[in-house]
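K.L.:
My structure is below; once you've seen it, I'll send some questions.
The values are calculated or read from the model by the stated rules, or taken from the named source; none is laboratory data. Fair warning: this is a prediction, and the values are worked out from it, not measured in the lab. Cβ coordinates were reconstructed from backbone atoms using ideal geometry, including for glycine residues, and neighbour counts include every protein chain displayed. SASA here: full protein model, heavy atoms, side chains in, ligands and nucleic acids out. Shrake-Rupley method; radii C 1.70, N 1.55, O 1.52, S 1.80 Å.
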Amino acid sequence: QVQVVESGGGLVQPGGSLRLSCAASGTGIYTYNMRWYRQTPGKQREWVAGIFTSGPANYTDSVKGRFTISRNDAWNTTYLQMTDLRTEDTGVYSCRASRAGHDFWGRGTQVTVSS
């Protein structure tokens, strides 16, 4: 069983930055693929970024060049560094750990971008 807990959300002005953290507990976390999603009001949850056990990270087009996903397997933590935030980045950001068809989700952390 894997538990996932997100943190780091908050209120930030447009153009500002935030770093989200996703702490996963369990065995073999380093073998899991990690992804960030967000859900904005009135819209379906969308995938934002992914970092895998091998290969490059991927991003949805709207965040390329502004968001960076990284992982520290020694700490079982995945990060999402967000810069140049826009109002449309507002939403609940959730982390997903997946391996071999098993998915574990956190409850999310709220990010609000507003002046």
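K.L.:
For the range 87-115: of the residues being at pLDDT 95 or above and of a type in the set (A, V, I, L, M, F, W, C), which is surrounded by the fewest Cβ atoms within 10 Å (Cβ to Cβ)?
P.N.:
Per the stated criteria, the residue is Trp105.
K.L.:
I'd like the residue in the range 1-55 that is assigned to a strand (DSSP E or B), of a type in the set (Ser, Thr, Tyr) and open to solvent by 50 Å² or more (accessible area, probe 1.4 Å) and, out of all such residues, is modelled with the lowest pLDDT.
P.N.:
Ser25
K.L.:
Also: Take Asp84 and tell me if it is open to solvent by 50 Å² or more (accessible area, probe 1.4 Å) and part of a loop (DSSP other than H, G, I, E, B).
P.N.:
Yes.
K.L.:
Within the range 56-70, which residues are at pLDDT 95 or above and of a type outside the set (Gly, Ala, Ser)?
P.N.:
If the condition is that a residue be at pLDDT 95 or above and of a type outside the set (Gly, Ala, Ser), then Asn58, Tyr59, Thr60, Asp61, Val63, Lys64, Arg66, Phe67, Thr68, Ile69 are the ones that fit.
K.L.:
Looking only at the range 60-80, which residues are surrounded by 15 or more Cβ atoms within 10 Å (Cβ to Cβ) and touching a Lys or Arg at 6+ places or on another chain (Cβ under 9 Å)?
P.N.:
Within the range 60-80, Arg66, Ile69, Thr77, Thr78, Tyr79, Leu80 qualify.
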